[in-house]
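This report refers to the structure that appears directly beneath it.
The values are calculated or read from the model by the stated rules, or taken from the named source; none is laboratory data. In this text the structure is predicted, and so the values were computed from the model without any measurement. Positions of Cβ are generated from backbone atoms using ideal geometry, with glycine treated the same way; all protein chains shown enter the neighbour counts.
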């Protein structure tokens, strides 16, 4: 890496000689970045002022090796008042606004000097001209607005129903073309008030949102999630093992074997490919042994790791108990076939909050199923295609759907 930097640094320095900063500031503690949307420019100014203390925060005495060590915090963040910031390329008709405050609740015009709270970031918005017009329209369930400038500006959107009850109060922005559009679940007489927050201009309107005339359609027997990832793995040529559960029915085993034959993949019982994770997975860097502090080597850690006996929920305490899904390990990409009742790995995956849907006896229902994708649930960079349903009939339909994705 150092050789690469040394080789290319002279060219970078030479190229930067012709670059001039768009901003002049009297203090290098104010760092900035620039973004563009439409014909407008946006600058983020961040107060990075840090004042290290002259004395240490504390001198530890709890470890023999650190008794003579003085400990400082990383930094102390400080205010930056009276900062002079000048934008070199301002044009005559441009309008400049500053969004500031730690909660960005204030909007002001740009002044000669700026005051920054510790770590505060201000957004300076330079529009091609002042905002002169804000229009809005309600059609069906869609609300739209325009500022008639090619610029992104902040909006407040308030929607009330026919009884005058407020339903939504949202902060939004126009896009680079100066337009805003959003669909809301509203019915009947609807009122909206859109406020453009730079100048306070408002657009108020009222319209009738019709009741949808299109009837609800039942979902398909099999739903597929992350189809592009599923197709990519099937076409990658990587080793994938089709797996049926340790309590799989004869029908589920047959589905897995048929699927493996058609895809030309290996098929196994999950007891042959899964193993329990070994814990603890996280160790402290040092440990006191016979009154002395010693490093924990990789060899020591591997020797002390044991397979778990009982699973638990991890809630952020210092310990790291065996929890799903990393309580199980596997060495290959897997295609899990079966129901929640028939497979330990499917049970682990469905309880790990990694899936879009979870199948059980009553959902999605008899004869229905899911085809889903999970990234690295049991091993890093070893993914899982899950073919499941509420019963064997749903699993078969899900397997047939998978075959259609090839």
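Structure above, values below:
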{"item": "Which numbered condition residue 328 misses (of (1) assigned by TED's automatic domain parsing to the domain that holds residue 268; (2) farther than 18 Å from residue 278 by Cβ; (3) under 27 Å from the mean Cα position of the chain (by Cα))", "result": "(2)"}
{"item": "Test: residue in segment 200-216 that is within 30 Å of residue 403 (Cα to Cα) and out of contact with any strand residue (DSSP E or B) (no Cβ under 7 Å at 6 or more places or on another chain)", "result": "yes"}
{"item": "Search result, residues across segment 331-343 that are farther than 22 Å from residue 234 by Cβ and either touching a strand residue (DSSP E or B) at 6+ places or on another chain (Cβ under 8 Å) or in the same structural domain as residue 312 (by TED's automatic domain parsing) (or both)", "result": "339, 340, 342"}
{"item": "Count - residues of segment 356-373 that are at negative phi and in contact (Cβ under 8 Å) with a residue 40 or more places away in the chain", "result": "9"}
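One line per residue, one yes/no per condition, for (1) surrounded by 12 or more Cβ atoms within 10 Å (Cβ to Cβ); (2) modelled with pLDDT of 90 or more; (3) part of a loop (DSSP other than H, G, I, E, B):
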{"residue": "75", "(1), (2), (3)": "yes, no, yes"}
{"residue": "85", "(1), (2), (3)": "yes, no, no"}
{"residue": "114", "(1), (2), (3)": "yes, yes, no"}
{"residue": "138", "(1), (2), (3)": "yes, yes, no"}
